[in-house]
1. Cβ-Cβ under 6 Å, sequence separation 6+ or interchain: first residue in segment 84-109 and within 9 Å of ASN65 (Cβ to Cβ), partner assigned to a strand (DSSP E or B) and hydrophobic (A, V, I, L, M, F, W, C). Which pairs?
2. Here are some residues: GLY71, GLY144, GLY111. Which one is within 27 Å of ARG10 (Cβ to Cβ), out of contact with any strand residue (DSSP E or B) (no Cβ under 7 Å at 6 or more places or on another chain) and not aliphatic (A, V, I, L, M)?
3. Only one of GLU120, GLU96, GLU76, GLU35 is acidic (Asp, Glu) and in contact with a strand residue (DSSP E or B) (Cβ under 6 Å, 6 or more places away or on another chain); which?
4. Out of curiosity, is VAL128 more than 14 Å from the ligand (Cβ to nearest atom), loosely packed, with under 14 Cβ neighbours inside 10 Å and in a loop (DSSP other than H, G, I, E, B)?
5. Could you tell me whether any residue of segment 56-69 is aliphatic (A, V, I, L, M), crowded, with 20+ Cβ neighbours inside 10 Å and more than 16 Å from the ligand (Cβ to nearest atom)?
6. Among (1) more than 9 Å from the ligand (Cβ to nearest atom); (2) in contact (Cβ under 8 Å) with a residue 24 or more places away in the chain; (3) surrounded by fewer than 20 Cβ atoms within 10 Å (Cβ to Cβ); (4) of a type outside the set (A, V, I, L, M), there is one condition ARG148 misses while meeting the rest; what is its number?
7. What about ILE77, is it open to solvent by less than 70 Å² (accessible area, probe 1.4 Å), within 17 Å of ASN139 (Cβ to Cβ) and within 15 Å of the ligand (Cβ to nearest atom)?
8. Among the residues of segment 110-125, how many are within 12 Å of the ligand (Cβ to nearest atom) and free of Cβ contacts under 8 Å to residues at least 40 places away in the same chain?
Amino acid sequence: MKKVTLKNGRELLIRKATVNDGEEMAKFKMCISGESDFLSFGKGELEITPETERKIIDFENGMDNSVIIIGLTDGEIAGFITFEGETRVRKRHRGEMGIAVLRKYWSLGIGGLLLEVLIEWAKETQIVRKIDLVTRADNETAIGLYERYGFRKEGVLTRNLYIDGIFFDAVSMGLVID
Ligand SMILES: CC(C)(COP(=O)(O)OP(=O)(O)OC[C@H]1O[C@@H](n2cnc3c(N)ncnc32)[C@H](O)[C@@H]1OP(=O)(O)O)[C@@H](O)C(=O)NCCC(=O)NCCS
């Protein structure tokens, strides 16, 4: 658990999600799905309910190489970062990261703080040795943020997303944990 004062003076509490966060998580995901076209899902595409969220959190909390970390301000989830580790022996040292912050909280440093906490968590697991992610090639803010934390571009995935009749390339990025 970590408490930080944000640039706007409000306090951010960063901790692992628990099943009790199902309701807030559902609200958060409904919001982010409609706030940008940089995620792999859009508004109304996923079944998002407190119950589905509780199940996801419960499942991820049962894995030793996966995590959902949330950043809360006044009880509201302002941002989250997820890491889903693989299950096979030859691949469980790696997994995919996801991150999103509510638009009203962008540029306050929450994304960076969540990344810091995830990298710390990954080191502590002594299992995770590589954090991979995929982001839209034109998501400059996210790419800049990832690069500042040591992620390197590893390749371009063409036609990775199809949104409103347009294909978007994505970049694959990775961070080695040693
Ligand atoms: C990408 C995202 C998570 C960043 O979250 P955030 O809380 O705004 O991130 P931060 O405030 O820590 O950093 C982002 C900004 O601060 C700047 N920044 C961060 N750390 C910095 C540092 N140490 N020095 C200088 N600038 C810094 C970044 O360049 C960026 O600039 P801008 O927003 O002012 O243009 C957020 O924009 C988001 O949720 N976007 C939509 C979903 C998305 O794209 N998710 C990623 C999909 S792979």
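1. Sorted first by the residue in segment 84-109, then by its partner, the pairs are GLY95/PHE83.
2. Within the list GLY71, GLY144, GLY111, the selection yields GLY144.
3. GLU96
4. When the stated conditions are applied, VAL128 does not pass them.
5. Yes, segment 56-69 has at least one match.
6. Failing condition for ARG148: (1).
7. Working: open to solvent by less than 70 Å² (accessible area, probe 1.4 Å): yes; within 17 Å of ASN139 (Cβ to Cβ): no; within 15 Å of the ligand (Cβ to nearest atom): yes.
It is false that ILE77 is open to solvent by less than 70 Å² (accessible area, probe 1.4 Å), within 17 Å of ASN139 (Cβ to Cβ) and within 15 Å of the ligand (Cβ to nearest atom).
8. 4
The values are calculated or read from the model by the stated rules, or taken from the named source; none is laboratory data. Quick caveat, the model's predicted, so the values are computed rather than measured. Counting neighbours? That spans all protein chains shown, and the Cβs are built from the backbone with ideal geometry, glycine included. Remember, those area values only see protein heavy atoms, side chains included, never the ligands or the DNA or RNA. Shrake-Rupley method; radii C 1.70, N 1.55, O 1.52, S 1.80 Å.
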